[in-house]
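*Asks:* Let me begin by handing over the structure; questions about it come next.
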Amino acid sequence: MSDQPLILGIETSCDETGVGLVRGTTLLANAVASSVDEHVRFGGVVPEVASRAHLEAMVPTLQRALAEAGASLDDVDAVAVTAGPGLAGALMVGVSAAKALAVALDKPLYGVNHLVGHVAAEQLENGPLTEPVVALLVSGGHTEILLVEDIATSATLLGQTLDDAAGEAFDKVARLIGLKYPGGPNIQRAAEEGDPAAIRFPRGLTSQRDLERHRYDFSFSGLKTAVARWVETAEREGRAVPVADVAAGFQEAVADVLTRKAVLACQERGISTMVLAGGVAANARLRDLTRERCAVAGIELRQPRFSLCTDNGAMIAALGAAVVERGLPPSSLDFASDSSLPVTQVLVG
Ligand code: KG4
Ligand code: ZN
C-alpha cells in the first residue's frame, strides 16, 4: 500500500473546507471545516461568507488532516484540488492554496471535477468501482444523474435539475413550514411522525410528455409551490398546518422522483451499479427507497458513509489518486478555477 503515492486533496467549492489524504483507494485522513453555522440566519449559503471562511479554515484544516494521517507535507507526492463546478470565489481559495503547496513542495498539481469527485469518494468506502456506473448526486448545490464511463477520464451528464437542487428544495420547504436551516435533517425528523400518503404532492417532470424531453432531468420548483399553496390554503381556512404530514408528503415526492429516474437511467443504459452521494443521500427515506428499487431492478447500490457523501477533500484526493494512477499529465500551474466546469472535464489542462 505505502508504495502508492500519497495524494493531498483540497475542496472548497461550497461551504465546506475539506482536506483529505489518500493512497490509492485507502483513506488516510478526511478533515472538514464547515461554515454552515454562519449561513443559518440567511437560510442558505452566502458566497462571500463562504470564501472568507475557507481562507480562515484552510491552514488549520490542512494541519488537522496531516495529523490525522500521521504524515508531514514532505510525504505528499501530488496535490489535487477541486477546479469546479462551484462558487467562483470559494473555488479560488482552494485552487490558490493548492497551487502554493504544489510550488512549495515541487509536486504535480491536478485540478479535478467536483462532481466526479463525489463518485470517486465511494472507492474509499468499498474499493475500486467497476465502471461504467450511474451516479445520483443530490446535495444543496446539485442534483444530477451522471454516467461515469471511467472515473479518471470520462463522465457524461445524463440529467440535472432545471431549477432548485434537491437539498435547496428541502431547505426552502422547511422554511415554509417553520423548520430551521439546513432543512433536510429537520424535514426528515418531522416526517417520521407524519403519513407520507396523507398529501400527494406533484412529481416534477414525470408526465409522459415531460419524460420525452426531460427523461433524466428534475424540477422541484413546482413541488415547492405546491407545498406553499397547500400551507397558504390551510392557514386561510384557519386550519392548523399538519407539519409532519406536509414534511412526509414532500419528502416522499422528492425521494420518489429521484430514485425513479436514476433507476430508469441504469435500466436504459444497461448499467448494473448505482452510486448515491451528496448531502441529501443522508436522507433515510431516500436511502431506503433507492435500496428497495435497486434490489427489485437487480442494480447494485453503492454508497459511501455520510462523511464521504457530503463535500470533502478526501473525495478530491481519491479522484486525484485515480488520475495519477492512470499516468495522466498534471494540470498547468496557471489553470483557472471554473464555476461551471462541465462534468465531461474530469481533469483540467
Ligand atoms: O453535500 P452537502 O453537505 O453540501 C452542499 O450542498 O454544499 O448538502 C447539504 C444539503 C442541504 O441542503 C441539506 O438540507 C441536505 O443536504 N441534507 C438533507 C439531509 N441532511 C442534509 N436532506 C434531506 N435529508 C437529510 N437527512
Ligand atoms: Zn458537492
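Where a number appears in this text, it was derived from the coordinates with a stated rule and is not lab data. Only a predicted model underlies this, so the values are computations on that prediction, with no experimental measurement involved. Here the Cβ positions follow ideal geometry from the backbone for every residue, glycine too, while neighbour counts run over all protein chains shown.
*Asks:* Quick check: the angle from helix 47-69's long axis to the longest principal axis of the chain, C-alpha only, nearest 10 degrees?
*Replies:* 60
*Asks:* Around Ala244, under 15 Å between beta carbons, what's the net of Lys plus Arg minus Asp minus Glu among the other residues?
*Replies:* So the surrounding residues net to -2.
*Asks:* While we're here: If each residue of separation counts as 0.36 nm, what is the full-extension length gain between Phe42 and Leu333 once their alpha-carbon separation is subtracted?
*Replies:* 101.2 nm
*Asks:* Taking the Cβ of each residue in Val246, Val173, Val32 as the centre, tally the other Cβ atoms inside 10 Å and list the residues starting with the fewest.
*Replies:* Going from sparsest to densest Cβ surroundings: Val32, Val246, Val173.
*Asks:* Next up: Pop out the ³J(HN,Hα) list for segment 182-192 in order, Karplus 6.51 cos²θ - 1.76 cosθ + 1.60 with θ = phi - 60°, rounded to Hz; leave Gly and Pro as x.
*Replies:* Going residue by residue, I get x, x, x, x, 6, 5, 4, 4, 5, 5, 4 Hz, with x marking Gly and Pro.
*Asks:* Given Cα pairs under 8 Å that are at least 6 residues apart, what percent is the relative contact order of segment 121-191?
*Replies:* Averaging sequence separation for qualifying contacts and normalising by length gives 20 percent for segment 121-191.
*Asks:* Then there's this: Straight-line reach from Lys99: which lysines fall under 30 Å, measuring Cα to Cα and dropping same-chain residues less than 8 apart?
*Replies:* Lys99 reaches Lys107.
*Asks:* Still on this structure: Taking Cα atoms, how many degrees apart are the long axis of helix 243-269 and the longest axis of the chain, rounded to 10 and kept between 0 and 90?
*Replies:* Once rounded, the angle reads 60 degrees.
*Asks:* Given H placed on each backbone N at 1.01 Å, which residues far from Val275 in sequence or on other chains put an amide H within less than 5 Å of it?
*Replies:* Residues meeting the criterion, in which the H sits 1.01 Å from N, are Val134, Ala135, Leu136, Arg302.
*Asks:* Among Gly313, Gly117, Gly70, which one shows the biggest mean-square fluctuation in a GNM of the chain, springs joining Cα atoms closer than 10 Å?
*Replies:* Gly70
*Asks:* With a bin width of 20 angstrom, please list the P(r) values of the chain as percents of all Cα-Cα pairs, from the 0 bin to the one holding the largest distance.
*Replies:* Bins of 20 Å from zero give 32, 55, 12, 0 percent of pairs.
*Asks:* Which translational diffusion coefficient, to the nearest whole µm²/s, is obtained for segment 142-250 from the Stokes-Einstein equation, given a Kirkwood hydrodynamic radius over C-alpha pairs, 37 °C and 0.692 mPa s?
*Replies:* Diffusion coefficient, whole number: 216 µm²/s.
*Asks:* Who wins for biggest fluctuation among Thr26, Thr233, Thr143 in a Gaussian network model of the chain, springs between alpha carbons below 10 Å?
*Replies:* Thr233
*Asks:* If N is the number of residues in segment 117-172, what value comes out of its Cα radius of gyration divided by 2.2 N^0.38 Å?
*Replies:* That ratio works out to 1.23.
*Asks:* Using the Cα atoms as the points, what is the convex hull volume per residue of segment 248-349 in Å³?
*Replies:* 137
*Asks:* Rounded to the nearest 20 Debye, what is the dipole magnitude of the chain about its Cα centre when Lys and Arg each give +1 and Asp and Glu each give -1 at the C-beta?
*Replies:* Dipole of the chain, to the nearest 20 debye: 760 debye.
*Asks:* Most fluctuating residue of Gly270, Gly184, Gly159 in a GNM of the chain with Cα springs under 10 Å: which is it?
*Replies:* Gly270
*Asks:* Can I ask one more? Add -39500 (n - 2.57) for each DSSP H run of 4 or more in the chain, then divide by its residues: what number comes out at 222 nm, to the nearest 500 deg cm²/dmol?
*Replies:* Computed mean residue ellipticity for the chain: -14500 deg cm²/dmol.
*Asks:* Where a Cα-Cα gap under 18 Å defines reach, which lysines qualify for Lys180, not counting those fewer than 8 residues away within the same chain?
*Replies:* By straight Cα distance, Lys180 reaches Lys172, Lys224.
*Asks:* With +1 on each Lys and Arg Cβ and -1 on each Asp and Glu Cβ, how big is the dipole of segment 133-303 about its Cα centre, in debye rounded to the nearest 20?
*Replies:* 140
*Asks:* Next question, about the same structure. Taking neighbour counts of Cβ atoms within 10 Å as a proxy for exposure, in what order, fewest first, do Cys294, Cys266 appear?
*Replies:* Least to most surrounded, the residues fall as Cys294, Cys266.
*Asks:* Related question: If I fit a long axis through the Cα atoms of helix 88-105 and take the longest principal axis of the Cα atoms of the chain, what angle between them do I get, 0 to 90°, rounded to 10?
*Replies:* 20
*Asks:* Arranged by the count of other C-beta atoms within 10 angstrom, fewest first, what order do Met274, Met58, Met315, Met92 take?
*Replies:* By the 10 Å Cβ count, ascending: Met92, Met58, Met274, Met315.
*Asks:* Mind listing the long-range amide H neighbours of Phe218? Cut-off is under 5 Å, sequence gap 5 or more, other chains count too, H placed in the peptide plane at 1.01 Å from N.
*Replies:* Hits under the 5 Å cutoff: Gln160, Thr161, Leu162.
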